[in-house]
Amino acid sequence: MVSLNTLRTQFGVLLSVIIGGALLAFILSLKTEMGFSGNDPEVGEVNGEEVHYSEFLAAYENVKTQMGGDNFDYDQSAQAVSMAWQSLLTDRVFVPGFEKLGLTVVPVERKAMLQGELPSGVFSSVFADPRTGIYNVAAVTDFLAQADGNPEVQRIWNLIDKQARIERAMNKYMDLVRGGAYANALTLNKGITAENNTYKGHFVACKYSSVADSLVTVSKGDIKKYYKAHKSQYKQTPYRTVNYAHFEIEPTEADEKAVEATAKSAGAVFAATKDIKSYVREEAHASLAGTYVAAKSLPSDEAKALRAGKTFGPELQGDEWYASRVVEVRNVPDSIELQHIVISYLDNKLADSVYTVARKKGADFAALAAQHSVAETAADGGVIGNVAYSTLAPELADALKNAKKGAVVKVAFGNAIQIFKVLNTGAVTRHYRLATLTYPVEASQDTKREVHKNASLFAVEAKGSVEKFEETANAQSVMTSTMNVEYDSRNVPGLVNSLEVVRWANDAKVGDVSDIIKLDDGYVVAVVTAIDDAEYKPLDKVSAQIKNTLLRQKKAALLKEKMQGATLEEIAANAGSKVEEFSDAKSSAYYVKGLGVEPRVLGAVASVSADATGAVLPLVEGNSGVYAVVVDEVAVEDKQTVDAERVKAQAEAESMASRRAMWAVQDKAEVKDLTVGFF
């Protein structure tokens, strides 16, 4: 039977709900005592309803526990926030939607999921044998037996069951979506054409740049009319424009010399130490390799020193001082070709029996693997192939160090008992187990204090306004950068791990200058120079872009008036241009030899069939000009069949439908994520 202690380890992921629930209860209990009542901050909105801090915090702590604990780096924390937000969206958007659609999980399905007849990612991950990774139905029975009369285990089970049902309902929903996707004949024909057809021909190009801007007029009314007609193209995320000074902490020349001296002094001790394993345990800058490296794979100068029994280094490699010495030498094959049989650690008697049979002369190892191994290689007779000795984990390296061709070896390793057969061995070469010493070249505390002082002085002098900030930067010869920072971003472009700068900017007003903000690599002082919270980019911000579009359209109209004629030669003569050639054009290509990057022109070319060449196509407004095109030849190959294209197109249609369905549902929910201000 699975013990509660086992649950806390094997099922620790799910115990996080208990933690999250307790944490939420604690937060709620403080509402009245600490004046928190009625002031639970909003961290987002879904379907017009607020998502409060306490609710999201519980979900976030839950996810953190699932991911392995509290010691997260910047990226892991951002991932946890995203996962917590998605879990809330599932509860608030998808689950109610499934209920409306009637996508329920009936008892028969649930039973099949528990018995493993219907695959369930949730049940498989939670109730998998920890050694083999295979779903264990008996573990479910043990778990449910403990849930009877134990509220804590019952709560865990409720979570598992809920997650499994949601997963099943989501799979049903996506099956419905994919079932509605269909690769029609038009799609198939386009796909086959893209793979099989290659085009060559001639064209006449009249560039927009050949028409002076003074010959066309774009009025403010034209721009305004275009903006209204195409406003959806200018939707934006609210942002702040931030000008910032970045004071990076970098080692000075004096720091580099100090690290060099320290590394060389430590290197002398490292080289003279007799009990290297004890030294490694006590020295933070030293480590002992778990695997053996082939001597021939080491850099020549390092290999030469080690081969002579000397310590290599310390030597500056990149941005760290590095030294190494040999702890153990092995003359072993550089590679070993293996078969294996993987058996659950619970079946020790079976493993002994199979091992005994496998060692007998004439034993069919492949048949034993097919019958008893739980590894994916069982279907292939347990064949792994060639494995470099230097990649073997210590347990396997020890077990196989003296193995010869034909040897059978049993190893209790990882989550299973493995029986190996050596099919072949490579050339015997020297391998080393190394101890290494590394000292990164870093800024000293004095340098860090100096950078902090400079940033602080700048922040004090720059306070007051945008103009004061710029004056101070000029006076102190400090380089600055200007970036647009979206309110839901987790970084400022150009700065690493700069969430605190984003948070400050979101709460600041135009002209506000920050105090120094600590980053991983130094400090930032910033000023907000503009704020744009509009849903759409304002007309004045896009008018220049629109004007260019309208200028091009009006120039195209003028060029088309000149590009008249029944042949390319006539068109070229009337337009004052010339006839040019293109070749090797495919509709699946990005660039066409002779034409360049002109997707509209390429689309027109690809519309021509092999029996309809030679005609002048309707004029095409391309990226850089207006084009008159004649396709002279269509080369058709049989690279892609209808059946193969149907499989490909159907898979693409289903994948696109699935992604668009998820986007559409979340867009309809009018999701507003404000978590960046808190997490």
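Tabulated data for the structure shown
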{"item": "Pair list, Cβ under 9 Å, 6 or more apart: the stretch 429-453 residue within 30 Å of residue 336 (Cα to Cα), other residue outside any loop (DSSP other than H, G, I, E, B) and open to solvent by 80 Å² or more (accessible area, probe 1.4 Å)", "result": "429/296; 429/331; 430/296; 430/307; 430/331; 431/331; 435/277"}
{"item": "Test set (1) in contact with an Asp or Glu (Cβ under 9 Å, 6 or more places away or on another chain); (2) open to solvent by 70 Å² or more (accessible area, probe 1.4 Å) - residue 148 fails condition number", "result": "(1)"}
{"item": "Set 362, 318, 290: member being among the small types (Gly, Ala, Ser) and either over 27 Å from residue 442 (Cβ atoms) or crowded, with 19+ Cβ neighbours inside 10 Å (or both)", "result": "362"}
{"item": "Search result, residues across the stretch 196-217 that are of a type in the set (S, T, N, Q) and part of a strand (DSSP E or B)", "result": "197, 198"}
{"item": "Complete set of residues in the stretch 578-598 that are of a type outside the set (A, V, I, L, M, F, W, C), in a loop (DSSP other than H, G, I, E, B) and touching a residue at least 60 places away in the same chain (Cβ under 8 Å)", "result": "578, 586, 587, 588, 594"}
{"item": "Residues (basic (Lys, Arg) and closer than 15 Å to residue 120 by Cβ) located in the stretch 133-180", "result": "162, 165, 168, 172"}
{"item": "Among (1) surrounded by 14 or more Cβ atoms within 10 Å (Cβ to Cβ); (2) over 35 Å from the mean Cα position of the chain (by Cα), the one test that residue 348 misses", "result": "(1)"}
{"item": "Residue in the stretch 65-87 that is in a helix (DSSP H, G or I), under 27 Å from residue 48 (Cβ atoms) and in contact with an Asp or Glu (Cβ under 7 Å, 6 or more places away or on another chain) present", "result": "yes"}
{"item": "Subset tally (residues that are of a type outside the set (D, E, K, R), in a helix (DSSP H, G or I) and open to solvent by less than 70 Å² (accessible area, probe 1.4 Å)) for the stretch 172-195", "result": "11"}
{"item": "Test: residue in the stretch 63-76 that is within 24 Å of residue 490 (Cα to Cα), open to solvent by 30 Å² or more (accessible area, probe 1.4 Å) and among the hydroxyl-bearing types (Ser, Thr, Tyr)", "result": "yes"}
{"item": "Among (1) open to solvent by less than 50 Å² (accessible area, probe 1.4 Å); (2) under 24 Å from residue 422 (Cα atoms); (3) out of contact with any Ser or Thr (no Cβ under 7 Å at 6 or more places or on another chain) - the single one residue 329 does not satisfy", "result": "(1)"}
{"item": "Positions within the stretch 389-406 being out of contact with any Leu (no Cβ under 8 Å at 6 or more places or on another chain) and surrounded by 15 or more Cβ atoms within 10 Å (Cβ to Cβ), in sequence order", "result": "390, 396, 397, 399, 401, 403"}
{"item": "Only one of 642, 634, 630 that is touching a Gly at 6+ places or on another chain (Cβ under 6 Å) and among the aliphatic types (A, V, I, L, M)", "result": "630"}
{"item": "The stretch 578-591 - residue that is at pLDDT below 90 and out of contact with any helix residue (DSSP H, G or I) (no Cβ under 6 Å at 6 or more places or on another chain) and, of those, surrounded by the fewest Cβ atoms within 10 Å (Cβ to Cβ)", "result": "590"}
{"item": "Residue match in the stretch 541-558 (condition: polar (S, T, N, Q) and within 27 Å of residue 250 (Cα to Cα))", "result": "no"}
{"item": "Pair list, Cβ under 7 Å, 6 or more apart: the stretch 49-75 residue under 15 Å from residue 85 (Cα atoms), other residue modelled with pLDDT under 75 and in a loop (DSSP other than H, G, I, E, B)", "result": "64/70"}
{"item": "Index of the failed condition, residue 340 passing every other in (1) more than 35 Å from the chain's Cα centre (by Cα); (2) surrounded by 19 or more Cβ atoms within 10 Å (Cβ to Cβ); (3) under 30 Å from residue 377 (Cα atoms)", "result": "(1)"}
{"item": "The stretch 629-641, residues that are open to solvent by less than 70 Å² (accessible area, probe 1.4 Å) and modelled with pLDDT under 90", "result": "640"}
{"item": "The listed residue being among the β-branched types (Val, Ile, Thr), assigned to a helix (DSSP H, G or I) and touching a strand residue (DSSP E or B) at 6+ places or on another chain (Cβ under 6 Å), out of 630, 601, 608", "result": "601"}
{"item": "Candidate set from the stretch 91-119 (those that are part of a helix (DSSP H, G or I) and either in contact with a helix residue (DSSP H, G or I) (Cβ under 6 Å, 6 or more places away or on another chain) or of a type in the set (A, V, I, L, M) (or both)); member that is surrounded by the fewest Cβ atoms within 10 Å (Cβ to Cβ)", "result": "108"}
{"item": "Residues being open to solvent by 60 Å² or more (accessible area, probe 1.4 Å) and either assigned to a helix (DSSP H, G or I) or among the basic types (Lys, Arg) (or both) - total across the stretch 561-577", "result": "6"}
{"item": "Selection from the stretch 279-313 of residues that are of a type in the set (S, T, N, Q) and over 24 Å from residue 260 (Cα atoms)", "result": "291, 297"}
{"item": "Residue within the stretch 456-466 that is open to solvent by less than 20 Å² (accessible area, probe 1.4 Å), modelled with pLDDT of 95 or more and of a type in the set (Phe, Trp, Tyr) present", "result": "yes"}
{"item": "All positions within the stretch 227-244 that are open to solvent by 70 Å² or more (accessible area, probe 1.4 Å) and in contact with a strand residue (DSSP E or B) (Cβ under 7 Å, 6 or more places away or on another chain)", "result": "231, 235"}
{"item": "Every residue from the stretch 601-625 that is touching a residue at least 24 places away in the same chain (Cβ under 8 Å) and under 41 Å from the mean Cα position of the chain (by Cα)", "result": "601, 604, 605, 606, 608, 621, 622, 623, 624, 625"}
{"item": "Residues (part of a helix (DSSP H, G or I) and among the acidic types (Asp, Glu)) located in the stretch 633-679", "result": "643, 645, 652, 654, 667"}
{"item": "Residue in the stretch 245-252 that is open to solvent by 30 Å² or more (accessible area, probe 1.4 Å) and in contact with a His (Cβ under 9 Å, 6 or more places away or on another chain) present", "result": "yes"}
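One line per residue, one yes/no per condition, for (1) outside any helix (DSSP H, G or I); (2) within 30 Å of residue 286 (Cα to Cα); (3) over 34 Å from the mean Cα position of the chain (by Cα); (4) not small (Gly, Ala, Ser):
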| site | (1), (2), (3), (4) |
| --- | --- |
| 439 | yes, yes, no, yes |
| 449 | no, yes, yes, yes |
| 453 | no, no, yes, yes |
| 456 | no, no, yes, no |
| 482 | yes, no, no, yes |
| 485 | yes, no, no, yes |
| 488 | yes, no, no, yes |
| 491 | yes, no, no, yes |
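The values are calculated or read from the model by the stated rules, or taken from the named source; none is laboratory data. Everything quoted here is computed from the prediction, not taken from an experiment. Virtual Cβ from ideal backbone geometry, glycine too; neighbours counted across all protein chains shown. Note: accessible area is taken over every heavy atom of the protein model, side chains too, but ligands, DNA and RNA are not part of it. Shrake-Rupley method; radii C 1.70, N 1.55, O 1.52, S 1.80 Å.
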